[in-house]
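Visitor: Got a structure for you, questions after.
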Amino acid sequence: MKEPSLVRNLYSKENLTRTLFRSLSAGGLPWLMARRNAGIGGILSLHRICHPKPYEFASQEGLSITPENFRRILQTLIGRGYQFLSMSAFADRLRNSEGAPLERFMCLTFDDGFVDNYTEAFPICRELGVPMTVYLVSGFVRREFPVWSAGLEAAIAANDTVEFTWEGEELRLNARTMQQKRDAYFAFASRFVTAPPDRIRQICTELGVRYGIDFMALGCAYMLTPTMIAEMQASGLVEFGAHGVSHASLGRLDNNDARWEIAQAKRDCEALVGTEIRHFAYPYGDRESVGEREVGFCRELGFCTAVTTESNTIFASDRHRLLALPRLTYNGKYQNTPLLELLLSGTLPWLRRRLSRQMNVIDRLKTESAEPNQVGNA
């Protein structure tokens, strides 16, 4: 396997993005965009609240924000008059909102069930009286499915080369320098993201034997425990939802497996929490991972809401799509930029939609230009 080149210009791209965010904010664009695009609030999507270690590549890539910045975000929202809602309170308000003006609101959602949701986020939310919704990957939390990202990071951190077999192909990457380790992680992780659960379990077993890594033990270090979940639930501030059994990309599974991932996660989480689970977060949440089929499964299984990673604020009309809600993903790479303002105003979601449409047009033109000329064949 050749060394990856996708991350070569990572830092320059990140710096350009930071400059762009600051320029957009300084130019007053969020203020103008908010009039039509801020909606009535939003659902903030987070993962970890921590200072990631050097080898925690996924968290450094954007899945984490520092406790200090997390507190600042909450205080900013409180200062601007946002009302914080659990997902249940949000659903009730949106369903009963037709024709009525709504207060600006924000829902805090955390995906996966990382331990720092308890050690860092929960104390801050409890101090400020802010509700939070945590979507649990039941296989991770119950120590029944390997936390593959943590095991892969551990293997790469401890070795100068990392190798394993993937569908008959021998994969081997250098991992001497920190940049090589980072590149290797994302090259391997891109395969895990699209793989079915059985293959992930098989590769984790191989990696565990080869590099002496106990993937299930890592789950104990990285994920919430039943005792933590019980304390958070008892506080009245934390609501739990389901996020799949193995964090599989549902859209890439067949009907039976996709439905089982959703239904079993609901059952597992209900056993953990001791109450009905009414909310779901689609793993990865993009167009490749969730569609009408997955929405139908959630409806059939009785979920009240389900969230995607489609980027947008919330409008009153979203009461008609409670099982395919957009969120505002707070990318930790840009936590020291005006990212929050760009999200709340709807500026960044609007720009992403515009860019996506333009790319679709370009792709369609490329396809059409590549087709053979049919003139004279009639």
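Visitor: Just name the residue that is surrounded by the most Cβ atoms within 10 Å (Cβ to Cβ) out of those in region 234-251 that are part of a helix (DSSP H, G or I) and under 22 Å from the mean Cα position of the chain (by Cα).
Guide: Restricting attention to region 234-251, the residues satisfying the condition of being part of a helix (DSSP H, G or I) are 234, 250-251.
Cutting the leftovers down to under 22 Å from the mean Cα position of the chain (by Cα) gives us 250-251.
Details: Leu250: 23, Gly251: 18.
Among residues in region 234-251 that are part of a helix (DSSP H, G or I) and under 22 Å from the mean Cα position of the chain (by Cα), the one surrounded by the most Cβ atoms within 10 Å (Cβ to Cβ) is Leu250.
Visitor: Going by the structure shown, is Thr275 among the hydroxyl-bearing types (Ser, Thr, Tyr) and closer than 22 Å to Leu46 by Cβ?
Guide: No; evaluated as a whole, the condition is false for this residue.
Visitor: Just for region 296-335: of the residues that are touching a residue at least 40 places away in the same chain (Cβ under 8 Å) and among the β-branched types (Val, Ile, Thr), which one is farthest from Arg104 (Cα to Cα)?
Guide: It comes out as Thr309.
Visitor: Taking the options Gly296, Gly376, Gly302, name whichever one is assigned to a loop (DSSP other than H, G, I, E, B), of a type in the set (Gly, Ala, Ser) and modelled with pLDDT of 95 or more.
Guide: Gly302
Visitor: Related question: Determine which member of the set Ala271, Ala258, Ala263 is crowded, with 18+ Cβ neighbours inside 10 Å and assigned by TED's automatic domain parsing to the domain that holds Ala58.
Guide: When all the criteria are applied, what remains is Ala258.
Visitor: A follow-up question, please. I need the full set of residues from region 144-161 which are among the acidic types (Asp, Glu) and assigned to a helix (DSSP H, G or I), in order please. Can you show your working first?
Guide: Looking only at region 144-161, we keep the residues that are among the acidic types (Asp, Glu), and these are 144, 153, 160.
Result: Glu153, single match.
Visitor: Just for region 156-201: of the residues that are among the hydroxyl-bearing types (Ser, Thr, Tyr) and under 24 Å from the mean Cα position of the chain (by Cα), which one is farthest from Ala258 (Cα to Cα)?
Guide: The qualifying residue farthest from Ala258 (Cα to Cα) is Tyr185.
Visitor: Restricting to region 202-233, name every residue that is among the hydroxyl-bearing types (Ser, Thr, Tyr), surrounded by 14 or more Cβ atoms within 10 Å (Cβ to Cβ) and either outside the structural domain of Asn159 (by TED's automatic domain parsing) or within 25 Å of the chain's Cα centre (by Cα) (or both).
Guide: Residues satisfying the conditions are Tyr222, Thr225.
Visitor: State whether one or more residues within region 68-79 are acidic (Asp, Glu) and surrounded by fewer than 22 Cβ atoms within 10 Å (Cβ to Cβ).
Guide: yes
Visitor: Is it the case, given these coordinates, that Ile124 is within 19 Å of Leu343 (Cα to Cα), modelled with pLDDT of 95 or more and among the hydrophobic types (A, V, I, L, M, F, W, C)? Break it down stepwise before answering.
Guide: Details: within 19 Å of Leu343 (Cα to Cα): no; modelled with pLDDT of 95 or more: yes; among the hydrophobic types (A, V, I, L, M, F, W, C): yes.
Criteria not met by Ile124.
Visitor: Just the residues that are farther than 19 Å from Glu144 by Cα and either without any contact (Cβ under 8 Å) to a residue 12 or more places away in the chain or not in a helix (DSSP H, G or I) (or both), please, taken from region 252-273.
Guide: Answer for region 252-273, where residues must be farther than 19 Å from Glu144 by Cα and either without any contact (Cβ under 8 Å) to a residue 12 or more places away in the chain or not in a helix (DSSP H, G or I) (or both): Leu253, Asp254, Asn256.
Visitor: Additional query: In region 335-363, what residues are modelled with pLDDT under 85 and of a type in the set (Gly, Ala, Ser)?
Guide: Within region 335-363, Ser356 is the sole residue that qualifies.
Visitor: Moving on to the next point. What is the number of the single condition among (1) within 30 Å of Ala271 (Cα to Cα); (2) among the aromatic types (Phe, Trp, Tyr); (3) not in a helix (DSSP H, G or I) that Phe164 does not meet?
Guide: So the condition that Phe164 fails would be (1).
Visitor: If you don't mind, another one. Got a number for residues in region 100-138 being over 17 Å from the mean Cα position of the chain (by Cα) and closer than 30 Å to Glu206 by Cα?
Guide: Of the residues in that region, 0 qualify.
The values are calculated or read from the model by the stated rules, or taken from the named source; none is laboratory data. All of these numbers come straight from a predicted model, not from anything done at the bench. Cβ atoms come from the backbone with ideal geometry, glycine included; neighbour counts cover every protein chain shown.
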